[in-house]
Amino acid sequence: AAQSYCRKEHTDLVSGLDQFHYINENKTWTEAQQYCREKHTDLATVTNMKDMKRLISVSLGDIKEVWIGLYDQRNVNRAWYWSLPGVEFNKSQNCGIIWKDDSNFLKWGDLSCNDQHNFICYNGEKIVIWFSKNWTGAQSYCRANHTDLISGMKQLQDGEVNKGLNLMTANSRYIFIGLFSDTWRWSDGNSSSFRHWNLHTVILIKENKTWEDALNYCRENHHGLVTITDSDEQRLVQQIAQFASTPFVWTGLHYACTLDLWFWVSDEVVIYKNWNQDGPMDDCDMSGAMETGGKHQWFKKNDPEKFNFICSQHPPGE
C-alpha cells in the first residue's frame, strides 16, 4: 500500500502542481484508482518531464513511493511508442534501432533493450551522438542532458540526422532510436508515451535464506539478486543494506569453482570491487555478501549460510 496522486477535474484549465492532488492515505493501486475516480477524475497521468519534475520537487517527508495512473495491462498486445511524448507511431524485442543492411540501406528493426548500442539525442535543432548504453540508459541520458532520444519521422528524415546515421553505422551496426513497445497503459485512457522508470531500483528482503534460495526468490518475484558495477551502485545498495536484520546481505556475486573466477549472476563482468582483504580463500559453493555495517565491504560466504538479501528490479519492458 502507498499514498497516491489523483488528477483533478478539468486539468486542461490548470497547470503545474494544480493538476494533481496528493492523497495522504495508504491504499493499494486499485483502491487508489477507485478513490480518485470517485472523488476527483482519476489517478494522475504524467505526460512529460515538466510534470515529472513538478511531482519530484514536492517534499512528502519520509514518503518514498506514491501511486500514479500507470499500470501493466499484460493481457493486451504490446503497443509501440516514441520516447518523445506527443509523437505518434503508425503502426519479443521491444526497443527500436536503425541498422545498415548488406546493400548499404538504412533500415528499422528492434532488439533487446538490454543491449548496448550507440544512440542519438535530440536537443532543439541540434542532433547529438553518444555511445554505448542500453536503451533506458540512453533515454535517461538524453532527457537529463538534452531533450530526448531522437523520435518521429520528421527528426529521422532530417538531412543532418541521415548524415549522422550513415557515419555511425560505419562503425556500429545498430543505433538506438526513441522507439519502444510495452504493455503499460494510463488509468484514464490517455495515450501518452511518457515513461520515467527508476533505473536503479533495489529491494531489501528481510527474510533469512541461503544464497541459492535468495537467487530463486529474486528471479521469481523481481529481476534477480543485485549487481554492483560501480561506486554509485555500491552507495545505493549500502544505503538499503543498513536496514537488514542480519550482519550481511546476499548479492548476486558468485564463485565459479570450475572456472576459478567470480562473476555476477546478471552476466556483468566483475570490474568494480569492494572486497574485505581478510576473507577466506576462494572455494566452491561460495558467494558474495555485503556487510550491513562498518565499511559495507564484500565478504566471501558459504552458500548454505542464511542472510537477508537484496533484489534488483529493472524497468518493465527490459
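The values are calculated or read from the model by the stated rules, or taken from the named source; none is laboratory data. Bear in mind the structure is a predicted one, so any value in this text is a computation, not a measurement. So basically every Cβ, Gly included, is an ideal-geometry build from the backbone, and we count neighbours across all protein chains shown.
Which of the strands (runs of 3 or more DSSP E) contained wholly in segment 244-318 include at least 2 residues that are aliphatic (A, V, I, L, M)? Explain how you work it out, then say what you get.
Values: elements: 248-256, 261-264, 286-291, 298-302, 307-313.
Once the strands (runs of 3 or more DSSP E) in segment 244-318 are filtered for at least 2 residues that are aliphatic (A, V, I, L, M), what remains is 248-256, 286-291.
Please go through segment 51-71 and give me each residue that is surrounded by 12 or more Cβ atoms within 10 Å (Cβ to Cβ) and either at pLDDT below 75 or not in a strand (DSSP E or B) (or both), ordered by number.
Let us first name the residues in segment 51-71 that are surrounded by 12 or more Cβ atoms within 10 Å (Cβ to Cβ), namely 51-52, 54-55, 58, 60, 63, 66-71.
Scanning segment 51-71 gives Asp51, Met52, Arg54, Leu55, Val58, Leu60, Ile63, Ile68, Gly69.
Which ones in segment 8-33 are part of a helix (DSSP H, G or I), loosely packed, with under 14 Cβ neighbours inside 10 Å and either of a type in the set (A, V, I, L, M, F, W, C) or modelled with pLDDT of 80 or more (or both)? Scanning segment 8-33 gives Leu13, Thr30. With respect to (1) part of a strand (DSSP E or B); (2) among the hydrophobic types (A, V, I, L, M, F, W, C); (3) in contact with a Leu (Cβ under 7 Å, 6 or more places away or on another chain), the lone exception for Ala214 is condition (1). With respect to the conditions (1) assigned to a helix (DSSP H, G or I); (2) of a type outside the set (A, V, I, L, M, F, W, C); (3) surrounded by fewer than 19 Cβ atoms within 10 Å (Cβ to Cβ); (4) at pLDDT below 80, Gln155 lacks only one, and its number is (3). Checked against (1) modelled with pLDDT of 95 or more; (2) surrounded by 19 or more Cβ atoms within 10 Å (Cβ to Cβ), Thr292 passes all but a single condition, namely (1).
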